[in-house]
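Report on the structure given below.
The values are calculated or read from the model by the stated rules, or taken from the named source; none is laboratory data. Since this is a predicted model, take the numbers as computed values, not measurements. Here Cβ is always computed from backbone atoms with ideal geometry, including for glycine, and neighbour counts include all displayed protein chains. The accessibility values were calculated without ligands, DNA or RNA, using every heavy atom of the protein model including side chains. Shrake-Rupley method; radii C 1.70, N 1.55, O 1.52, S 1.80 Å.
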Amino acid sequence: GAGGRLALGGALTGGEGGRYPSLVATVATVRDEHRRGLPTLGVCLGGQLLARALGARVWRKPATEIGYFPIDLTEAGRADPLFQDLPSEQTVWMSHGDSVTAAPSGAEVVACSTTTPIAAFDDPERTLDGIQFPTEVIHTPHGRALRTHVLSHVARPTSSGTPAQGRPGPVERIRTYH
């Protein structure tokens with residue numbers, strides 16, 4: 001079996017509730033896997049679905065955000081491996097119409113912006129991370145470094161070359177949703 005889950009983005013939005021059976025099923029699957037202790041990384045729509053699976057609300061923003069937006073790392077974000085050695089202020093690519101209203105219970109906000117108060121959240125105890133913006137975008141000033149951090153975080157190798165205890169295994173073992 002897989003050592004972790006990666007919930008990715010798509011054209012739908014995390015706040016659309018019951019309109020799309022596939023989103024309902026994905027939220028239920030992520031919730032079930034969380035209960036089993038499976039590490040999960042949610043990116044873009046996947047971050048919204050992870051937040052919903054953990055009981056947080058996702059709401060429709062007054063205006064869709066598409067384009068370059070500045071984010072700020074919180075104190076917790078500056079210590080987070082996903083953002084290690086990256087500037088506290090950076091520009092990312094946002095492409096969404098919904099936003100997480102509060103970090104899920106037990107999680108900390110690690111990145112925010114003036115238009116997206118929860119740009120990323122992390123719960124290291126439960127090995128859960130949600131990121132509102134697509135991390136595969138490399139045309140931002142720190143996009144390549146962020147993508148490398150995310151891929152390293154997903155694979156989470158130890159010095160012996162094997163996955164760390166309780167963290168996702170090699171990228172090939174990660175099942176993706178949506």
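Just name the residue that is farthest from residue 131 (Cα to Cα) out of those in the range 63-109 that are touching a helix residue (DSSP H, G or I) at 6+ places or on another chain (Cβ under 8 Å) and in a loop (DSSP other than H, G, I, E, B).
Once the filter is applied, the top-ranked residue is 85.
Within the range 23-61, can you find the residues that are part of a loop (DSSP other than H, G, I, E, B) and among the aliphatic types (A, V, I, L, M)?
Selection gives 38, 54, 56.
Confirm whether residue 137 is touching a strand residue (DSSP E or B) at 6+ places or on another chain (Cβ under 9 Å), β-branched (Val, Ile, Thr), over 16 Å from residue 34 (Cα atoms) and modelled with pLDDT under 80.
The answer is no for residue 137.
Against the condition hydrophobic (A, V, I, L, M, F, W, C), in contact with a strand residue (DSSP E or B) (Cβ under 8 Å, 6 or more places away or on another chain) and either in a helix (DSSP H, G or I) or at pLDDT below 85 (or both), how does residue 2 come out, does it pass?
Working: hydrophobic (A, V, I, L, M, F, W, C): yes; in contact with a strand residue (DSSP E or B) (Cβ under 8 Å, 6 or more places away or on another chain): yes; either in a helix (DSSP H, G or I) or at pLDDT below 85 (or both): yes.
Answer is yes for this residue.
Being touching a residue at least 60 places away in the same chain (Cβ under 8 Å) and open to solvent by 10 Å² or more (accessible area, probe 1.4 Å) is the filter; apply it to the range 124-134 and report the residue that is farthest from residue 6 (Cα to Cα). Reasoning before the result, please.
First pass over the range 124-134, keeping only residues touching a residue at least 60 places away in the same chain (Cβ under 8 Å): 126-134.
Then drop every residue that is not open to solvent by 10 Å² or more (accessible area, probe 1.4 Å), which leaves 126-127, 134.
On the way: 126: 14, 127: 12, 134: 13 Å.
Among those that are touching a residue at least 60 places away in the same chain (Cβ under 8 Å) and open to solvent by 10 Å² or more (accessible area, probe 1.4 Å), it is 126.
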